[in-house]
1. Give the number of residues within region 1-27 that are modelled with pLDDT of 95 or more and either loosely packed, with under 15 Cβ neighbours inside 10 Å or within 15 Å of A68 (Cα to Cα) (or both).
2. What number of residues within region 28-66 are outside any helix (DSSP H, G or I) and buried (at least 21 other Cβ atoms within 10 Å of the Cβ)?
3. I need a count of the residues in region 147-161 that are within 14 Å of the ligand (Cβ to nearest atom), in contact with a Gly (Cβ under 9 Å, 6 or more places away or on another chain) and part of a loop (DSSP other than H, G, I, E, B).
4. State yes or no: is R167 of a type in the set (K, R) and touching a helix residue (DSSP H, G or I) at 6+ places or on another chain (Cβ under 6 Å)?
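The values are calculated or read from the model by the stated rules, or taken from the named source; none is laboratory data. Just so we're clear, the structure is a prediction, and the values are computed from it rather than from any experiment. Using ideal geometry, Cβ is built from the backbone for each residue, glycine included, and neighbour counts are taken over all protein chains shown.
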Amino acid sequence: MTTIRLVQGDITRQSADAIVNAANSSLLGGGGVDGAIHRRGGPAILADCRRLRAARYGKGLPVGRAVATTAGDLDARWVIHTVGPVYQGPGSDPALLASCYRESLRVADELGARTVAFPAISTGVFRWPMADAARVAVETVRAAKTDVEVVTFVLFDEPAYGAFAARVGAEGS
Ligand code: ADP
């Protein structure tokens with residue numbers, strides 16, 4: 001069974017087998033978590049991303065999918081890049097957001113990662129409301145069939161931490 005931990009802070013300061021990046025389809029960098037991971041992880045991550053674009057993902061990584069690269073200078077073995085959906089307003093289908101968590105854990109299992117750190121995918125530039133994103137994240141990780149032993153959600157600020165804590169508490173851990 002997977003243990004869920006919550007941490008408030010910067011995901012690039014975490015130590016884990018795999019750190020998940022809230023990437024965009026281009027895999028060539030962006031703002032938020034993506035920018036921070038490439039800044040602190042160094043150019044090896046971008047070099048791997050460029051190779052992936054050239055080889056398997058000429059049109060970019062589809063929303064809801066995940067792919068791994070080196071973690072460069074981060075305190076991790078891999079970065080797992082996943083592309084969250086852009087929030088389209090009330091009634092937005094959370095299936096692709098759930099898919100990001102599920103696919104990231106599937107890739108983690110392929111790699112043999114036992115500890116994985118996730119940011120709150122889609123809640124920044126992609127505007128998904130934090131409470132709903134926390135619900136989808138926690139429910140999906142709890143329901144996943146995975147060998148990952150510890151999932152750490154790394155929440156950047158107090159409101160994000162509170163939203164995830166409410167969810168984890170609501171369902172018991
Ligand atoms: P998306 O494009 O999927 O919305 P963002 O990177 O813009 O991704 O934001 C996702 C979430 O990550 C937001 O809640 C944002 O506040 C948070 N965030 C931004 N930088 C960091 C960081 N260095 N560590 C952890 N969380 C971060």
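1. Of the residues in that region, 18 qualify.
2. So in region 28-66, the residues outside any helix (DSSP H, G or I) come out as 28-31, 42, 56-66.
If we keep only those that are buried (at least 21 other Cβ atoms within 10 Å of the Cβ) as well, we get 61, 66.
Within region 28-66, residues that are outside any helix (DSSP H, G or I) and buried (at least 21 other Cβ atoms within 10 Å of the Cβ) number 2.
3. The number of residues fulfilling the criteria is 1.
4. Details: of a type in the set (K, R): yes; touching a helix residue (DSSP H, G or I) at 6+ places or on another chain (Cβ under 6 Å): yes.
Judged against the criteria, R167 is a match.
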